[in-house]
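Enquirer: My questions all concern the structure below.
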Amino acid sequence: MDHFPAEPFSVANYHRKDAYHQRAKREGFRSRAAYKLEEIQQREQLLRRGARVADLGCWPGGWLQVAARAVGAEGRVVGVDVRALDAPLEEANVSVLEADLTAPGVAARVRAALGGPADVLLSDAAPKLTGIRDTDRAREEALVQAIEALLTDLLRPGGDLLVKLLEGPEVQQIAKRLETRFVRARSLKPKASRKGTTEWYLLGRGLR
């Protein structure tokens, strides 16, 4: 999920200068973030034909589009976000649940929509930032903890995780815990990530 600078003029100016944003508009992607997942997919072959994929914090839908194309018509992609998509996606193998990740029963709802546990769990989610460092760190920590809590109920044994993290001591501790849950884990920084951002991605392969 992409978050742009809050000041309106800055947003418009950034969009005009950002090549990935302009490319996303031309190619029909909901966000520039689609190219981060595309790059990781080309490098890691994370998403396979026929896979069941859950996208946690899926608004505005760019990752849903990339995942839907990667898994094909025989696959299934289910997104979850508290915010509804601006418009329905054209991809027939995608459905979206409007729900909070911490809501009771959300994992069961996603599994039901997928037809079973997920093969791959994606999250490009980021909390709504205030500019107050302690508040923002607490929100990021709570978000990552919510994703961590869903692993056992939502991801099949042997499944894979790709999650966005922001730099910070608390999140680093959660990242270390997540790494122990997988057979292999590594950090990634796609070229499409914005310059100066503290975001990075944890890729876990093979849930223990």
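Enquirer: Please enumerate the residues belonging to the range 175-208 that are touching a residue at least 40 places away in the same chain (Cβ under 8 Å), exposed (fewer than 13 other Cβ atoms within 10 Å of the Cβ) and touching a strand residue (DSSP E or B) at 6+ places or on another chain (Cβ under 8 Å).
Expert: Residue satisfying the conditions is 208 alone.
Enquirer: Which one of 122, 151 is touching a Phe, Trp or Tyr at 6+ places or on another chain (Cβ under 7 Å), aliphatic (A, V, I, L, M), crowded, with 18+ Cβ neighbours inside 10 Å and closer than 20 Å to residue 47 by Cβ?
Expert: From the options 122, 151, the qualifying one is 122.
Enquirer: Residue 155 is checked against (1) farther than 21 Å from residue 31 by Cβ; (2) out of contact with any Leu (no Cβ under 9 Å at 6 or more places or on another chain); (3) of a type in the set (A, V, I, L, M) and fails just one. What number does that condition carry?
Expert: Result: residue 155 passes all but (2).
Enquirer: Would you kindly identify the strands (runs of 3 or more DSSP E) lying entirely within the range 24-143 that contain at least 1 residues that are within 20 Å of residue 154 (Cβ to Cβ) and without any contact (Cβ under 8 Å) to a residue 60 or more places away in the chain?
Expert: 76-81, 94-98
Enquirer: Mind checking which residues of the range 144-187 are among the acidic types (Asp, Glu) and either over 26 Å from residue 111 (Cα atoms) or in a strand (DSSP E or B) (or both)?
Expert: Keep residues of the range 144-187 that are among the acidic types (Asp, Glu), which gives 148, 153, 160, 167, 170, 179.
Across the range 144-187, the qualifying residues are 160, 167, 170.
Quick note: the coordinates plus some simple rules give every number you see, no bench work behind them. Quantities reported herein were computed from a predicted structural model and do not represent experimental measurements. Virtual Cβ from ideal backbone geometry, glycine too; neighbours counted across all protein chains shown.
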